[in-house]
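Remarks on the structure that follows.
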Amino acid sequence: MFRRRRTVVGPAHVDNLVLEPRDVTFDWANLPLHWVPGEPFVTHTINVLHLLLPAGERWFVHVFTQALPLIKDDKLREEVHGFMGQELIHARSHQSVLDHWKAKGIDTDPYVRQIEWMFQKALGDRELISQRREEWLIERLSIIAAIEHITAMLGNWALNSPALDAAGADPTMLDLLRWHGAEEVEHRAMAYDLLTHLDRRYLRRVRGMTVTWPVMLWLWARGVVFLMRTDPELSGRRQKARWRYYFRASRRHLLPPANDIVRGVLRYHLPRYHPSKEFSTGQAVAYLATSPAARAAAV
């Protein structure tokens with residue numbers, strides 16, 4: 001049920017693209033704590049993904065499951081199933097990093113419990129009836145569409161980050177980031193298309209991003225602070241997270257530049273915005289054809 005052939009338009013046109021979950025696995029046995037050598041701040045800034053995504057992507061699937069009965073287009077419904085399959089494997093893959101850390105004595109549960117509370121309680125189901133229940137569902141879909149735009153931006157950056165290779169970043173972690181990033185680019189229109197299928201109002205879409213991006217920035221900053229303080233190999237002043245560290249790293253192309261992120265968020269507000277106009281499907285598909293984890297899953 002997860003497979004459907006479709007045509008994607010955008011900067012790179014790919015015919016007969018199959019949207020499908022790839023049952024990847026990753027071996028973290030040799031993963032160093034600072035998997036970008038000598039760059040604990042860079043490592044932990046990217047590591048925040050592992051804190052946020054397992055709970056977040058399971059929440060995506062929960063909300064999309066509730067939306068399925070409202071979908072009137074069979075092809076869109078098949079797309080949603082494919083998206084849900086990919087998101088579940090994303091959640092499992094990032095959870096495997098947290099499990100690896102826990103086995104090494106690094107406990108991320110205090111922060112992760114806060115993220116789970118946010119998705120399960122603050123953004124969870126409410127005791128509403130009729131139209132109000134549907135409105136709350138669509139409001140959450142607008143948040144997911146905004147998050148998916150941001151994760152597609154990050155995924156595109158991961159696919160175009162040779163500085164991480166030059167810095168000697170762990171190849172298995174890079175494959176996780178680029179496999180996931182490629183699938184984010186591949187299915188970047190899915191959440192947006194579902195939202196606009198149920199509610200085409202421009203203000204709904206804009207409100208979703210207006211709420212989402214500052215919360216994501218806040219959570220990310222808190223996550224970096226938490227990981228730096230939790231890092232058993234850091235002590236004293238080396239545990240401090242500073243904004244200037246981010247700007248220095250982004251100038252070296254080890255982290256996404258802030259101006260690119262801001263411009264990407266602003267593009268989402270354009271009245272004629274559509275995710276298919278963003279990034280390169282061809283590049284994403286090309287990486288998925290060479291990803292060690294994706295290739296192993298296809299055997």
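The values are calculated or read from the model by the stated rules, or taken from the named source; none is laboratory data. The shown structure was predicted, so the numbers you read here are calculated from the model rather than taken from an experiment. Ideal geometry is used to build each Cβ from the backbone, glycine not excepted, and the neighbour counts take in all protein chains shown.
At-a-glance table
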item	result
Lone unmet requirement of (1) under 23 Å from Ala167 (Cα atoms); (2) of a type outside the set (Asp, Glu); (3) touching a residue at least 24 places away in the same chain (Cβ under 8 Å) for Ser250	(3)
Among residues of the range 274-299, those that are free of Cβ contacts under 8 Å to residues at least 60 places away in the same chain and outside any helix (DSSP H, G or I), counted	1
Single unsatisfied condition, Ala169 versus (1) without any contact (Cβ under 8 Å) to a residue 40 or more places away in the chain; (2) outside any helix (DSSP H, G or I)	(1)
Residue list for the range 65-103, filter: in contact (Cβ under 8 Å) with a residue 24 or more places away in the chain, under 18 Å from Glu148 (Cβ atoms) and of a type in the set (Ser, Thr, Tyr)	Ser93
The range 226-238, residues that are assigned to a helix (DSSP H, G or I), more than 20 Å from the chain's Cα centre (by Cα) and not charged (D, E, K, R)	Met228, Thr230, Gly236
Unique match (being farther than 25 Å from Pro256 by Cα, of a type in the set (Phe, Trp, Tyr) and surrounded by fewer than 21 Cβ atoms within 10 Å (Cβ to Cβ)) among Trp101, Trp117	Trp117
Failed item in (1) part of a helix (DSSP H, G or I); (2) at pLDDT 95 or above, with Lys75 passing the rest	(2)
Considering residues of the range 251-275 that are crowded, with 17+ Cβ neighbours inside 10 Å and of a type outside the set (Phe, Trp, Tyr) only, the residue farthest from Ser142 (Cα to Cα)	Leu254
Test: residue in the range 104-112 that is surrounded by fewer than 18 Cβ atoms within 10 Å (Cβ to Cβ), free of Cβ contacts under 8 Å to residues at least 12 places away in the same chain and among the aliphatic types (A, V, I, L, M)	no
Total residues in the range 144-189, condition in contact with a Ser or Thr (Cβ under 6 Å, 6 or more places away or on another chain) and of a type in the set (Gly, Ala, Ser)	2
Test: residue in the range 44-61 that is polar (S, T, N, Q), surrounded by fewer than 22 Cβ atoms within 10 Å (Cβ to Cβ) and either within 13 Å of Ala169 (Cβ to Cβ) or within 20 Å of the chain's Cα centre (by Cα) (or both)	no
Close pairs (9 angstrom Cβ cut-off, 6 or more residues apart or separate chains): in contact (Cβ under 8 Å) with a residue 24 or more places away in the chain and surrounded by fewer than 19 Cβ atoms within 10 Å (Cβ to Cβ) in the range 128-153, part of a loop (DSSP other than H, G, I, E, B) and among the aliphatic types (A, V, I, L, M) anywhere	Glu134/Leu128
Residue tally, condition under 19 Å from Ala145 (Cβ atoms) and surrounded by fewer than 17 Cβ atoms within 10 Å (Cβ to Cβ), over the range 277-297	1
